[in-house]
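The values are calculated or read from the model by the stated rules, or taken from the named source; none is laboratory data. In this text the structure is predicted, and so the values were computed from the model without any measurement. So basically every Cβ, Gly included, is an ideal-geometry build from the backbone, and we count neighbours across all protein chains shown.
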Amino acid sequence: MNDLLSFLVEPFQYSFMLRGLWASLIVGVICPILGSYVVLRGMAFFGDALAHIILPGVVIAFLLGWPYAVGALIFGVLAALLIGFISRRTDIKDDTAIGVVFAGSFALGIALISLQRNYAVDLTHILFGDLLGVSNSDLILMGILGFLVLLTVFAFYKEFLVLSFDPTLAKTLRLPVNFLQNLLLVLLAVVIVISLQAVGVALVLAMLVTPASSAYLLTRRLPNMMLLGALIGSLSSVLGLYLSFYVNVASGASIVLVATAIFAIIFMIAPQRGVLWSWLRARRERSLS
Amino acid sequence: MTNIISHFQKHDAGASPIHLHNVSLRYNGISVLEEINADIPAGEHIAVVGPNGAGKTTLMKLIAGLIEPTQGEINIFGHGPGGHICIAYVPQRSQVDWDFPANVAEVVMMGRIHQIGFFHWPTRADWTIVREALERVDMSAFSDHRIGELSGGQQQRVFLAQALSQEAEVVLLDEPFTGLDVLSQDAILRIMDDLHQDRVTVLISTHDLNLAAKHFDQVMLLNRRLISYGPAVNALSQEALIQAYGKQVHMLPGADGALILSDTCCEGEDEILRS
């Protein structure tokens, strides 16, 4: 018993681990809540692109000594508007427009970093996260931004619900559709900024879609999907941190691996919608006929 | 306080629910609708018929204010459609994500979110309206079912309940009968009768001429232009039908002079206009 307790407590005797735990919990809760909209609206590619697009913003903010969140937000919002502009003005399809802006912006970020030889280390931190390097002020910023995201999602819950389920209805009810759509993109950019230090640009997408889609397989209503997603997300964070501590794996990667494992299990055994379930149903129907 | 971002028009006394004046729409140089003129009195139920690509869906989207005409004027109770929340538009079923995690009561409540207003939550009165709407379409028993679990006819009734909870005065239904069995069709027609008593104006597009002639007092025959509009007997006259359907219509000698066999189907109607 004592062994188990010390096994559980030991990692968090280090203050950097404790800060890492808090940071990963914030990410684990916030990402799936907004990620539910990403999953339901089929925005996974857009989310991944947005995470990469903000790279130059982060680098520029870093060089100017600004909070990295500011640069990331500016680039995120600009890119979202640019993508909309390209796909509206030409025959180019949305995903192509996203791809062009995504790759171009990411390349710009890498180019900027490569100009600064001293910052070579920071590229891996931005790409793959640096959970154990989270400072107290980072944590406070993440907390404030996360709280603002939650508040906005709560305040506009029913409007976002209609916009996601039936955009035509949102229009006939004369909701400010463009405003809501842009608000959702800004929220997405903020959530990516929050997650940057925990899992990095390359793996933000996993935290956005993996716990949320696990929850999707188990729930029938959006609020439950969000809550269960947040639960699965924070569970992945905690388990991932233990894994990282004891097996000595990179923390961002281990959190994502745990989330993926949870998804794999739920995908197999989820009632009604899991693979096992539909296999059993098909077998029963075969034996009946 | 309810409408922070937008303000809405009051209805002009005596103005018709739908007034179309010289309405034309061109899309990429192709004419989709030409010079539609019509004045639809309150409480009228109208079947909109015509061949594929006749512009039925486009007409509905114009009236709903989802798209703008290139020419002409649309007035709903005396003002442009964009200023109204009294219009319910139920598109063809395929347009909604049926795997969405929402239950029937929630989908019906969506019709009320404008009345509820920003930063407010549904009150007990709102839920009462939702419950009553579900009772009127006979779907109370399915209140907490996921919408994806329903049959086509049941889904259609849920969207009618949504229009009811919206307290819509103009209801536009795009091909509501397509793919439904006779029982489900009858259920929807019964709800239509119910709306008739509340003087709700209803426009229904259908490719089923028999159904239009049998169940609607007024029929609009459309093929880019408004070919005829009036009681079914007049609107679906031989000349009008030939004008609308051209070679697709065949005449057979029947008891009352002619029997109409039209060969139209509904898939991909109005593909040209996606908004």
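Among the residues of the range B:123-140, is there at least one that is touching a strand residue (DSSP E or B) at 6+ places or on another chain (Cβ under 6 Å) and within 26 Å of residue B:82 (Cβ to Cβ)? No.
Taking the numbered list (1) over 17 Å from the mean Cα position of the chain (by Cα); (2) away from every other protein chain (no Cβ under 14 Å); (3) among the aliphatic types (A, V, I, L, M) in turn, residue B:150 passes all entries but (2).
Residues in the range B:132-151 that are surrounded by fewer than 16 Cβ atoms within 10 Å (Cβ to Cβ) and either part of a helix (DSSP H, G or I) or touching a Cys at 6+ places or on another chain (Cβ under 8 Å) (or both): B:132, B:135, B:140, B:141, B:148, B:149. What residue, among those in the range A:191-215 that are surrounded by 24 or more Cβ atoms within 10 Å (Cβ to Cβ) and hydroxyl-bearing (Ser, Thr, Tyr), is farthest from residue A:76 (Cα to Cα)? Of everything passing the filter in the range A:191-215, A:214 is farthest from residue A:76 (Cα to Cα). Selection within the range B:107-128: residues that are more than 7 Å from chain A (Cβ to nearest Cβ) and crowded, with 21+ Cβ neighbours inside 10 Å. The member of this set that is nearest to the chain's Cα centre (by Cα) is B:111.
Is it the case, given these coordinates, that residue B:100 is more than 20 Å from residue B:169 (Cβ to Cβ), within 9 Å of another protein chain (Cβ to nearest Cβ) and in contact (Cβ under 8 Å) with a residue 60 or more places away in the chain?
no
Restricting B:152, B:111 to those that are among the small types (Gly, Ala, Ser), more than 20 Å from residue A:172 (Cα to Cα) and in contact with an Asp or Glu (Cβ under 9 Å, 6 or more places away or on another chain) reduces the list to B:152. Whether a residue is assigned to a helix (DSSP H, G or I) and not hydroxyl-bearing (Ser, Thr, Tyr) was assessed, and residue A:175 does not pass this test.
Against the list (1) under 21 Å from the mean Cα position of the chain (by Cα); (2) more than 12 Å from every other protein chain (Cβ to nearest Cβ); (3) among the basic types (Lys, Arg), the condition residue B:131 fails is (1). I'd like the residue in the range A:127-184 that is within 14 Å of another protein chain (Cβ to nearest Cβ), β-branched (Val, Ile, Thr) and buried (at least 17 other Cβ atoms within 10 Å of the Cβ) and, out of all such residues, is farthest from the chain's Cα centre (by Cα). If we take residues in the range A:127-184 being within 14 Å of another protein chain (Cβ to nearest Cβ), β-branched (Val, Ile, Thr) and buried (at least 17 other Cβ atoms within 10 Å of the Cβ), then A:172 is farthest from the chain's Cα centre (by Cα). Taking the range A:251-289 as the range and being aromatic (Phe, Trp, Tyr) and surrounded by fewer than 13 Cβ atoms within 10 Å (Cβ to Cβ) as the test, only A:279 passes. Taken over the range A:130-143, residues that are farther than 15 Å from residue A:25 by Cβ and without any contact (Cβ under 8 Å) to a residue 24 or more places away in the chain amount to 1.
The number of residues in the range A:223-244 that are within 14 Å of chain B (Cβ to nearest Cβ), more than 12 Å from residue A:31 (Cβ to Cβ) and either crowded, with 24+ Cβ neighbours inside 10 Å or at pLDDT below 95 (or both) comes to 1. May I ask you to list the residues in the range A:58-80 that are without any contact (Cβ under 8 Å) to a residue 24 or more places away in the chain and surrounded by fewer than 20 Cβ atoms within 10 Å (Cβ to Cβ)? Listed by number, the residues that qualify are A:64, A:65, A:66, A:70, A:74, A:78.
Matching residues to (1) under 22 Å from residue A:259 (Cα atoms); (2) among the β-branched types (Val, Ile, Thr); (3) not in a helix (DSSP H, G or I):
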site	(1), (2), (3)
A:25	yes, no, no
A:34	yes, no, no
A:48	yes, no, no
A:60	no, yes, no
A:72	no, no, no
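In this structure, is residue A:172 in contact with a strand residue (DSSP E or B) (Cβ under 6 Å, 6 or more places away or on another chain) and either acidic (Asp, Glu) or modelled with pLDDT of 90 or more (or both)? Spelling it out, residue A:172 is indeed in contact with a strand residue (DSSP E or B) (Cβ under 6 Å, 6 or more places away or on another chain) and either acidic (Asp, Glu) or modelled with pLDDT of 90 or more (or both). Residues in the range A:267-289 that are in a loop (DSSP other than H, G, I, E, B) and either closer than 21 Å to residue B:146 by Cα or touching a residue at least 60 places away in the same chain (Cβ under 8 Å) (or both): A:270, A:271, A:272, A:273, A:274.
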